[in-house]
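Working notes, structure below.
The values are calculated or read from the model by the stated rules, or taken from the named source; none is laboratory data. Since we're looking at a predicted model, the values are computed, not measured. Don't worry about glycine lacking a Cβ; one is built from the backbone with ideal geometry, like all the others, and counts go over all protein chains shown. When the accessible area is computed, the model is the full protein with side chains, heavy atoms only, and any ligands, DNA or RNA have been set aside. Shrake-Rupley method; radii C 1.70, N 1.55, O 1.52, S 1.80 Å.
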Amino acid sequence: MGVAIFGFKIIDDDGCFSMGLVREILAEILGTFFLIVLGCGGVHAATLEKAADDPLGSARILEIGFAFGLGIGGIVHLFSDISGGQLNPAVSFGLFFARKLSLYRAAILSVAQIIGGLIGAALLKIMFKGPPGTVSMGDGVSGGVGLILEFLGTLFLVLTVLSTINDKRGHAAGYLQPFSIGVAIFVAHMFLVPLTGCGINPARSLATNIIGGKITGDFYAYILGPLLASAVGGLVYEFIFNPHYEAAPYEGIENAGGADQEMNKDM
């Protein structure tokens, strides 16, 4: 029997253990492993030959953005039917605050994501003599400013995820869901790589920086910023934006599409 408080599910109806949950855990471990290997491996490839006067130029930022954006889009597509391809504790807790996931499941899957990330970062450290993709604040960016930046980037991601999984948006094609999430990741990296390194994912930031031994005094920004964004994004989408999709105009869009199809048949 599940447990819920004010509509927020704490424990699922199937209890604390099921084979479905085991599959989800394995999918999140493997998915976040691939996220680190592909994304942070892309960082390594992009920074192999640094120009003396341009260590992180726009072309390199573009490479990093594509590595994370396209990589995560592919991973989401791969695991979306198993665990949702969450790959990020901020996304998992965002789903909880949007009343789409139990608190227990969000916590368990977040641990799985961190484990997968640690394995991926350890593998990269073995191969490249040091884990690429560690996050750190850019020149002149304080921990407080970094927290705000990480909050904004993660908020954009969480809202994008919640909108793409909204089954009330009948006009949004299913195959566009991983693409939309990948684009959100790509855009966030274009903005944040020079400023914070673009964590926007506590599992990704913890994995690379723990394995790399780079937990600095301002590292709190990479944890608090995304987790605050998960709460704000989940609550805002569930209680402010989601009710909009109950309105009749969206039925009108679907009916209009059906009418167009009928017209085409008659022609």
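Computed quantities for the displayed model
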| read-out | value |
| --- | --- |
| Segment 197-218: number of residues that are open to solvent by less than 30 Å² (accessible area, probe 1.4 Å) and not β-branched (Val, Ile, Thr) | 11 |
| Checking LEU48 against (1) open to solvent by 10 Å² or more (accessible area, probe 1.4 Å); (2) within 16 Å of VAL161 (Cα to Cα); (3) without any contact (Cβ under 8 Å) to a residue 24 or more places away in the chain, the condition it does not meet | (2) |
| Any chance TYR237 is surrounded by fewer than 24 Cβ atoms within 10 Å (Cβ to Cβ), of a type in the set (Ser, Thr, Tyr) and farther than 17 Å from LYS100 by Cβ | no |
